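What follows is a single structure, written as structure tokens, with notes after it.
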Amino acid sequence: MITKVHHFKDRIGEITIGLTVIYLLNTLFDYLLYPFIIYKFGVLRGGIVMTFLSFVACILIMKFYDYSKRDWLGIEAIKSLKGYDGSKKIGKLTAWVIKKSDPIVFLFLSIKYDPFITTAYLRDTKFNGMNKREWSIFLSSLLISNAYWTLACYMGITLFEWGWKAIVNV
């Protein structure tokens with residue numbers, strides 16, 4: 001019993017650290033670096049630069065995720081719910097939604113998170129690198145997520161500039 005408690009505490013700590021690091025990296029990338037690059041280089045060149053940087057960052061994180069062979073984000077634990085075969089209705093509903101909604105999950109994860117998390121969640125392999133299908137998921141997510149963030153940052157910068165001009169010219 002004590003061993004299970006220690007293991008549970010270790011898993012909670014590991015997942016907490018993993019989620020915190022990913023959150024901080026994504027926040028810095030999405031809300032500081034992305035707007036700065038779009039502002040400096042414009043929507044087209046800035047979008048290309050950020051897509052390249054996103055590719056490199058997500059590949060490095062995926063390589064570390066596979067190298068560590070540890071589920072420090074809880075992704076594998078969530079994926080395991082797909083096979084739920086118990087009697088609880090909420091468990092059955094969760095398993096059904098997770099099984100049936102890969103395209104919706106793909107779109108949601110691509111916009112809300114990044115290609116790493118999207119691919120790690122949707123891939124069939126576990127800590128073995130990526131096969132052809134998973135590279136397709138990764139690259140599609142890369143394009144969707146960066147198109148979204150490029151346009152979001154450009155719109156935010158444009159709105160900020162418009163508001164600033166309106167205030168200054170009053």
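Quick look at the values:
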item	result
Residue among Tyr67, Tyr34 that alone is in contact with a helix residue (DSSP H, G or I) (Cβ under 7 Å, 6 or more places away or on another chain) and part of a helix (DSSP H, G or I)	Tyr34
Residue among Phe116, Phe127, Phe160 that alone is crowded, with 19+ Cβ neighbours inside 10 Å, of a type outside the set (Lys, Arg) and out of contact with any Ser or Thr (no Cβ under 6 Å at 6 or more places or on another chain)	Phe116
Those residues of the stretch 61-105 which are among the hydrophobic types (A, V, I, L, M, F, W, C) and more than 18 Å from Lys126 (Cα to Cα), in sequence order	Ile90, Leu93, Ala95, Trp96, Val97, Ile104, Val105
Check on Asp10, assigned to a helix (DSSP H, G or I), within 18 Å of the chain's Cα centre (by Cα) and not polar (S, T, N, Q)	no
Enumerated helices (runs of 4 or more DSSP H) restricted to the stretch 96-170, each holding at least 2 residues that are farther than 13 Å from Met62 by Cα	102-112, 132-168
All positions within the stretch 27-48 that are touching a Phe, Trp or Tyr at 6+ places or on another chain (Cβ under 7 Å) and either within 21 Å of Thr119 (Cβ to Cβ) or surrounded by fewer than 18 Cβ atoms within 10 Å (Cβ to Cβ) (or both)	Asp30, Tyr34, Val43
Filtered residues of the stretch 139-158 (kept if free of Cβ contacts under 8 Å to residues at least 40 places away in the same chain and small (Gly, Ala, Ser))	Ser140, Ser141, Ala152
Set Ile90, Ile59, Ile75: member being at pLDDT below 85 and within 15 Å of the chain's Cα centre (by Cα)	Ile75
Residue in the stretch 102-111 that is exposed (fewer than 13 other Cβ atoms within 10 Å of the Cβ) and either at pLDDT below 75 or basic (Lys, Arg) (or both) present	no
Single residue of Ile75, Ile61, Ile38, Ile22 found to be out of contact with any Cys (no Cβ under 7 Å at 6 or more places or on another chain), among the β-branched types (Val, Ile, Thr) and in contact (Cβ under 8 Å) with a residue 60 or more places away in the chain	Ile22
Residue count, the stretch 78-93 (criterion: more than 19 Å from Ser141 (Cα to Cα) and either touching a residue at least 12 places away in the same chain (Cβ under 8 Å) or surrounded by 12 or more Cβ atoms within 10 Å (Cβ to Cβ) (or both))	8
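The values are calculated or read from the model by the stated rules, or taken from the named source; none is laboratory data. All values derive from a computational prediction rather than experimental measurement. Glycine gets a Cβ as well: all are built from the backbone with ideal geometry, and neighbour counts include every protein chain shown.
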